[in-house]
1. What do you reckon, is residue 71 surrounded by 12 or more Cβ atoms within 10 Å (Cβ to Cβ) and either of a type outside the set (S, T, N, Q) or on the phi > 0 side of the Ramachandran plot (or both)?
2. Among (1) touching a Gly at 6+ places or on another chain (Cβ under 6 Å); (2) within 18 Å of residue 65 (Cα to Cα), which single condition is residue 116 missing?
3. Could you list, in sequence order, all residues of the range 133-150 that are exposed (fewer than 12 other Cβ atoms within 10 Å of the Cβ) and part of a strand (DSSP E or B)?
4. Name the single residue, out of those in the range 106-132 being within 20 Å of residue 53 (Cα to Cα) and among the hydrophobic types (A, V, I, L, M, F, W, C), that is surrounded by the fewest Cβ atoms within 10 Å (Cβ to Cβ).
5. Among the residues of the range 41-57, are any modelled with pLDDT of 85 or more and of a type in the set (A, V, I, L, M, F, W, C)?
6. Please tell me if residue 110 is in contact with a helix residue (DSSP H, G or I) (Cβ under 8 Å, 6 or more places away or on another chain), among the acidic types (Asp, Glu) and part of a strand (DSSP E or B).
7. When the range 116-132 is examined, which residues are found to be among the polar types (S, T, N, Q) and either free of Cβ contacts under 8 Å to residues at least 24 places away in the same chain or assigned to a loop (DSSP other than H, G, I, E, B) (or both)?
8. Test each condition in (1) surrounded by 11 or more Cβ atoms within 10 Å (Cβ to Cβ); (2) over 18 Å from the mean Cα position of the chain (by Cα); (3) at pLDDT 85 or above; (4) not β-branched (Val, Ile, Thr) for residue 97 and report the one that comes out false.
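The values are calculated or read from the model by the stated rules, or taken from the named source; none is laboratory data. Everything numeric in this text was worked out from a predicted model, so none of it was measured. Heads up, the Cβs are rebuilt from the backbone with ideal geometry, glycines too, and the neighbour counts pull from every protein chain shown.
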Amino acid sequence: MSLLKPSLFTRLLGSDDETEDTTPIVFEGKGAERHSHAHIAAQDVAVPEDGGGELAVDIYQTPDALVVKALIAGIQPTSVDIALTREMVTISGVREDEREVEEENYFQRELYWGSFSRTILLPEEVDVDSAEASEKHGILMIRLPKINKAKQTKLKVRSR
């Protein structure tokens, strides 16, 4: 098994390696409303070899930005770490379990507790200086403005 997590492109396009486990991504909508969903069955949730969980995300685009949404319920927004480059975003943190009862008294345990991390290779470059992150009702939303590669400007030559 590979130590590297499959990139967004590998997940979208699949892999030639039959043994590699990929999460199916389904695209919905058209134009500015186009977005993707990763459909993950409970038994298919990836747990990296370091013991941390992988954060589930929705990623979509608007005409001027890429938007990443993730469920971070039960986590203080200040304890979420977001590392950003022009091509990639990594979201990590820890969901603390405040145990109210002993382990043997549980009938069902499906919630994930512990460290989590998710690295997303972005489909296009973003302006890291204008990026914004917010949280509302346990949903993290990261807005990543696209770099306008068609933008042009005129430079004037100065005389020294």
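1. yes
2. Against the list (1) touching a Gly at 6+ places or on another chain (Cβ under 6 Å); (2) within 18 Å of residue 65 (Cα to Cα), residue 116 comes up short only on (2).
3. 134, 136
4. By that ranking, first place goes to 111.
5. Scanning the range 41-57, I find at least one residue that is modelled with pLDDT of 85 or more and of a type in the set (A, V, I, L, M, F, W, C), so the answer is yes.
6. So residue 110 does not fit the description; no.
7. Of everything in the range 116-132, just one residue is among the polar types (S, T, N, Q) and either free of Cβ contacts under 8 Å to residues at least 24 places away in the same chain or assigned to a loop (DSSP other than H, G, I, E, B) (or both), namely 130.
8. (3)
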